[in-house]
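To start, the structure itself, in structure tokens.
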Amino acid sequence: MDLENMWSVFLSKIEIKLKPVLFQTWFQDTKLIDLNNEFAIVEVPLDVHKKHLSENYGEIIKETFMEVTGSIFKFKYVTPDEINEEKIENINDNNDAIFESGLDNKYTFDNFVSGESNKFAKAIALAVAEKPGAMYNPLFIYGNSGLGKTHLMHAIGNYIMATSNKKVLYVTSEKFVDDFLNIYRKSETSNFKAVDNFKKKYRDIDVLMIDDIQYLEIASKTQQEFFNTFNELHNKNKQIIISSDRSPDDLKKLEDRLRTRFNWGLTIDILPPDFELRMKILNKKIEAQGIGSYVPEEVKEYIANNCRTDIRKLEGALTRVFAYATIMNGSEITLELAIESLKDYIGKNVISRNKIDQVIQLVANNYNITVDDIKSKKRLSKIAVPRQIGMYICRVHLKESLPKIGSEFGGKDHTTVMHSVAKIKRELKKDKNLEVEISKIINQIK
């Protein structure tokens, strides 16, 4: 099908979907003049058509044209005065030179690993990506560093870019500040052009994403400009997405009117990953590198138990283990190698007890022995069995790693912990009273 016939079919389809006066005004005198792998170039009568078609009919044009071609295209509109061979050939390059989205296409919803701590944030982010500007505007995402806020923002932007012709801009707050201050670095003659370029970049878009908004607290003059930018975009139902390490109410150095506006839409927090999610993230990273069979489960558990609050640190620990094994002439990855390679990276302050001490104390009280007895090397039955029960609870109920349990139980080897857990599991199958005793201890854990 040539361009003329293709556009004729498109117009016949879209005419059915619109009122006659709207079709005659905005579509009847248009024509498709070029089509490449990414863009459909459409000639329109006047400049007003370019703006109106982009802002008000973007979705219906994209959807209807996809019905004709079977593919999704981005649309560029040109007037007769703008048309010449050179401009059409370079229209993609020219637009890319003027505008860069700032998005990193490696971050998508598909490779965002979700669990209990972040599944709500992912669901909301996807809802916004599917209908930007229609709900949850602004979307404010907050949480500690390294929990996936930036990944979600890029995923939203990449989804929108892939499924629509909307213009998306991702920047950090530092970049916003720098672009604003750049206006004042210009000479007087070029200042007006700098102002125009700044407004075009930040206001002539459909989706604005500002990462780490907390850094705007130290730029009081820029807060006024962001306030103006926010208002203009919000009034036009353009989607605004903001991230921070704190909730809007905790950004005390931001102007009250900004904090108020941040609460207009939906505020969601991302919590630190739980043990199950940390393991999923490690498995995903290992799978991506095709080396899953070389990483024992106990190594993954050791990393997951000692890198609790930061996904980047979690992934960094795994990378460090791989690098250490390579340096050691391709040594097999073992728990001992992992502990050695991470001894400086993890640090003692990161390895929290996570209620192991409490379990040891509860077991000691329940069996009328001392904590020192449990941590000792004594093998008397009245001490060894409670010790094994304590290890079982820490492993099965608290999901602690073997080496960590062994360390807290007086420096026992991880194989001792494995043996203890296995023994209690066997005993539970034939001793219902033991199950009651263990449940009683577990119920006392706070």
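The values are calculated or read from the model by the stated rules, or taken from the named source; none is laboratory data. Given the structure is predicted, the values throughout are model-derived calculations rather than measurements. Reconstructed Cβ throughout: ideal geometry from the backbone, glycine too, with neighbour counts over all protein chains shown. Side chains are part of the model used for accessible areas, which takes the heavy atoms of the whole protein and leaves out ligands, DNA and RNA. Shrake-Rupley method; radii C 1.70, N 1.55, O 1.52, S 1.80 Å.
Observations, loosely collected:
- Nearest 10 degrees, 0 to 90: helix 414-430 Cα axis against the chain principal axis: 80 degrees
- Normalised contact order of the chain, rounded percent, pairs of Cα under 8 Å and 6 or more residues apart: 12 percent
- Region 192-288 shape via C-alpha gyration tensor axes, a/c threshold 1.5: prolate
- Gln28-Asn228 FRET efficiency (beta carbon distance; Förster radius 35 Å; 0.05 resolution): 0.40
- Helix-derived mean residue ellipticity, 222 nm - over the chain, DSSP H n ≥ 4, -39500 (n - 2.57), to 500: -18000 deg cm²/dmol
- Crossing angle, helix 275-289 versus the chain [Cα axis fit, 0-90 degrees, rounded to tens]: 60 degrees
- Where the alpha-carbon atoms of the chain are placed on the principal axes, they occupy 95, 53, 47 Å, in descending order.
- The HN-Hα couplings worked out from phi for region 114-124 by the Karplus form 6.51 cos²θ - 1.76 cosθ + 1.60 (θ = phi - 60°) are 10, x, 4, 6, 9, 5, 5, 4, 5, 4, 5 Hz, whole numbers, x standing for Gly and Pro.
- Å² per residue, accessible surface of the chain at 1.4 Å: 52 Å²
- Sorting 114-125, 432-443 by average packing, meaning the other beta carbons within 10 Å per residue, from highest down gives 114-125, 432-443.
- Cα shape, region 360-446, gyration tensor, a/c 1.5 rule: rounded
- Segment Asn283-Thr415, extension gain: residue separation times 0.36 nm, minus the distance between their alpha carbons: 45.2 nm
- The chain: angle of helix 381-392 to the longest principal axis, Cα-based, in degrees nearest 10: 0 degrees
- Segment Asn197..Asp2, full-extension length gain: 66.4 nm, with 0.36 nm per residue of separation and the alpha-carbon distance subtracted.
- Using the Cβ of Ser247 as centre and a radius below 10 Å, the other residues enclosed give a net charge of -2, where K and R count +1 and D and E count -1.
- Cα gyration tensor shape of region 1-85, rounded if a/c is under 1.5, else prolate or oblate by comparing a/b with b/c: rounded
- Relative contact order %, region 1-54, counting alpha carbon pairs below 8 Å whose residues are six or more apart: 28 percent
- Note that region 256-264 has calculated 3J(HN,Hα) couplings of 4, 5, 6, 4, 4, 5, 5, 8, 5 Hz, one per residue in order, obtained from phi through the Karplus relation 6.51 cos²θ - 1.76 cosθ + 1.60 (θ = phi - 60°); glycine and proline are x.
- Calculated over region 314-419, the projected area of the Cα convex hull averaged across directions stands at 7.3 nm².
- With a threshold of 32 Å on the Cα-Cα distance, the over-threshold entries among Lys62/Lys149; Lys119/Lys313; Lys119/Lys432; Lys284/Lys375 are Lys119/Lys432; Lys284/Lys375.
- Mean sequence separation of contacting Cα pairs (under 8 Å, at least six apart), scaled by the length of region 311-446, corresponds to a relative contact order of 19 percent.
- Using the Karplus relation 6.51 cos²θ - 1.76 cosθ + 1.60 with θ = phi - 60°, the per-residue 3J(HN,Hα) values for region 164-178 come to 7, 9, 6, 9, 10, 10, 10, 9, 7, 5, 4, 5, 4, 4, 4 Hz, with x marking Gly and Pro.
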